[in-house]
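Written below as structure tokens is the structure these notes are about.
The values are calculated or read from the model by the stated rules, or taken from the named source; none is laboratory data. This is a predicted model, so every value here is computed, not measured. Using ideal geometry, Cβ is built from the backbone for each residue, glycine included, and neighbour counts are taken over all protein chains shown. Quick note on the areas: whole protein, heavy atoms, side chains included, nothing else; ligands and nucleic acids left out. Shrake-Rupley method; radii C 1.70, N 1.55, O 1.52, S 1.80 Å.
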Amino acid sequence: MQIKDDCSLPSIVQIHKDIFGADFPMESFQKKIKLGHSLHKIGFYENETLVGYCIVIQYDEKSSLHAWVGGVLPSFQGRGFFSQFYDWLIQWARASGYHYVTGNTDNYKPSMLTLLIKKGFDIIGVEDTTYGDGNKILFRYKVCTPVSLRISIISSCNLQCFFCHHEGIALTGGKRLQISQIERLLIQAKKNGLNEITITGGEPALYPEGVNFILQYCSGWSN
């Protein structure tokens, strides 16, 4: 998949109808232009063929990039196009100094709801809409400067390395983080855009369940 900020409006109008079976909301699009908003016509391409799109609104006064409307052709759905797009959009926001990425979805689209929550978006409200089931759910992702996290998952250690502080020397009565505690730390790490996690102890190899959980949980993170 390739993501390009170069899609033409006629191409978007056509693919919107192919995706949704309805006309592109041109009146709303033109209204946003008249209000002075910068609109980016983002295309999703597979082997140079347009298979999806998203209109991104640049709200400088809110320091945010907003994914307004978009979709993927039915034959290409379920292949992670919007997952990759939101990763791309968050990286764009971070590189450009924006504080937020926002989006919305309809209440009847569980796959998009699940995707945005997994990406670390927070639900910030619900609005009435004339489309779909009448409920538009609003999401916001806080863009943070990437930092690192050190997780000490166990206090016990079966080694006596000369350079160690010996904080984990006890082999009996040692403490370990529960999987639920590790998960809560990782959720916050994801939401804050962390790009480096160090697993430490004690000796973390004495707690393979904890190590494996962290590796599996983070394996899908783009950062």
Requested in this report: Working only within region 180-223, note down all residues that are on the phi > 0 side of the Ramachandran plot and either surrounded by fewer than 17 Cβ atoms within 10 Å (Cβ to Cβ) or more than 22 Å from the chain's Cα centre (by Cα) (or both).
Outcome: Gly202
Report task. State yes or no: is Ser156 closer than 29 Å to Arg184 by Cβ, touching a strand residue (DSSP E or B) at 6+ places or on another chain (Cβ under 9 Å), at pLDDT 90 or above and not basic (Lys, Arg)? Result -> no
Report task. Return the total of residues in region 1-37 being aliphatic (A, V, I, L, M) and either open to solvent by 60 Å² or more (accessible area, probe 1.4 Å) or not in a helix (DSSP H, G or I) (or both). Result -> 6
Query raised in the report: Can you tell me which residues in region 102-146 are within 18 Å of Trp68 (Cβ to Cβ) and either hydroxyl-bearing (Ser, Thr, Tyr) or surrounded by fewer than 12 Cβ atoms within 10 Å (Cβ to Cβ) (or both)?
Result: Thr102, Thr105, Gly125, Glu127, Asp128, Thr129, Thr130, Tyr131, Tyr141
**Report entry** Top-ranked residue in region 46-82 [being at pLDDT below 95 and aromatic (Phe, Trp, Tyr); ranked as surrounded by the most Cβ atoms within 10 Å (Cβ to Cβ)]
**Finding:** Phe82
Report summary line: Taking first residues from region 147-173 that are over 18 Å from Thr198 (Cα atoms) and second residues anywhere that are among the charged types (D, E, K, R) and modelled with pLDDT of 80 or more, the pairs with Cβ under 9 Å that are 6 or more apart or on different chains are Asn158/Glu203; Leu159/Glu203
Query raised in the report: Tell me, which strands (runs of 3 or more DSSP E) lie completely within region 63-164 with 2 or more residues that are within 16 Å of the chain's Cα centre (by Cα)?
Result: 64-72, 100-106, 122-128, 135-142
